[in-house]
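Below: the structure, in structure tokens.
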Amino acid sequence: MARGKDETAADGDLRTRLRAATMAAHDLLDHSMQAASGWQNRDDYARFLELQHAARAPLEDWIEHHAPAELRPPLQTPLIARDLAALDHAVPPPAPLFTMGRTATGHALGAAWVLAGSALGNRSIAAQVKRIGGGKWPVAFLGDAAMLGFWQRLRERIEQQAQETEAAGATCAASAVFAHFLAVAEDARTEGATQ
Ligand code: HEM
């Protein structure tokens, strides 16, 4: 029998469902970001931060207008700008607008999960950056403790089953955020290849 619109999702908790739905997109993004910049030397790391800033600026803007206070992750663009300044790089222009059309149940939650969950990957990238840069490269963004704190609070909300409507909305938004990031990374990769 088809699942009723508002029954809880039967496929595990919301976090598991979001990870499963976006696993391929995350792998693609990881690959594309390493190809676009990576962080093997100072200039690569600066380009990685430029990409992060360009992609996150419109996402933070969307969150500010569409998410309730408890689903607004701490802003990362000011931290990225600080790291870029320390590397003598200017803040790049933002990527084009991010939009979800009409905001629906679960959208803010899905977007918050992607942005906050990325702090897990950032933790391992920070360890590499510290090693490669001999502890001299700035890591205000990659090492942001406030984002990890937000992530821990969000876990309580996503490590349980969600209503189907909310789970579907969150999955849709999470996929859109990954697609947005991937488009920015692919643009950066193509620009790098033609320079
Ligand atoms: C080069 C780029 C990236 C690498 C190497 C990377 C690496 C990782 C790693 C190792 C994890 C698992 C960490 C753990 O379970 O402890 C992870 C999880 C995650 N990353 Fe990334 N990541 C990258 C980029 C991104 C970006 C740009 C985003 C989003 C904007 C993102 C979103 C996430 C999310 C949502 C999770 C899962 C959170 C969860 O477990 O619920 N990642 N990443």
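Output the residues belonging to region 42-88 that are open to solvent by less than 70 Å² (accessible area, probe 1.4 Å) and within 20 Å of Thr190 (Cα to Cα).
Of everything in region 42-88, those that are open to solvent by less than 70 Å² (accessible area, probe 1.4 Å) and within 20 Å of Thr190 (Cα to Cα) turn out to be Asp44, Tyr45, Ala46, Phe48, Leu49, Glu50, Leu51, Gln52, His53, Ala54, Ala55, Arg56.
When only residues in region 141-172 that are aliphatic (A, V, I, L, M) and more than 12 Å from the ligand (Cβ to nearest atom) count, which is most open to solvent (accessible area, probe 1.4 Å)?
The residue in question is Ala145.
Would you check if Trp39 is touching a Phe, Trp or Tyr at 6+ places or on another chain (Cβ under 6 Å), over 17 Å from Pro94 (Cβ atoms) and buried (at least 19 other Cβ atoms within 10 Å of the Cβ)?
yes
I'd like the residue in region 35-52 that is more than 12 Å from the ligand (Cβ to nearest atom) and free of Cβ contacts under 8 Å to residues at least 60 places away in the same chain and, out of all such residues, is nearest to Ile80 (Cα to Cα).
If we take residues in region 35-52 being more than 12 Å from the ligand (Cβ to nearest atom) and free of Cβ contacts under 8 Å to residues at least 60 places away in the same chain, then Ala46 is nearest to Ile80 (Cα to Cα).
Which residue is farthest from the chain's Cα centre (by Cα), if the candidates are limited to region 89-103 and must be closer than 25 Å to His66 by Cα and exposed (fewer than 15 other Cβ atoms within 10 Å of the Cβ)?
My answer is Arg102.
Give the residues of region 145-195 that are in contact with a Gly (Cβ under 6 Å, 6 or more places away or on another chain) and aliphatic (A, V, I, L, M), sorted by residue number.
Across region 145-195, the qualifying residues are Ala170, Ala173, Ala174.
The values are calculated or read from the model by the stated rules, or taken from the named source; none is laboratory data. Predicted model only: the values in this text are computed from it and were never measured. No Cβ is skipped: glycine too gets one built from the backbone with ideal geometry, and neighbour counts run over all protein chains shown. The protein model used for the area step is the full one, side chains on, heavy atoms only, and it has no ligands, DNA or RNA in it. Shrake-Rupley method; radii C 1.70, N 1.55, O 1.52, S 1.80 Å.
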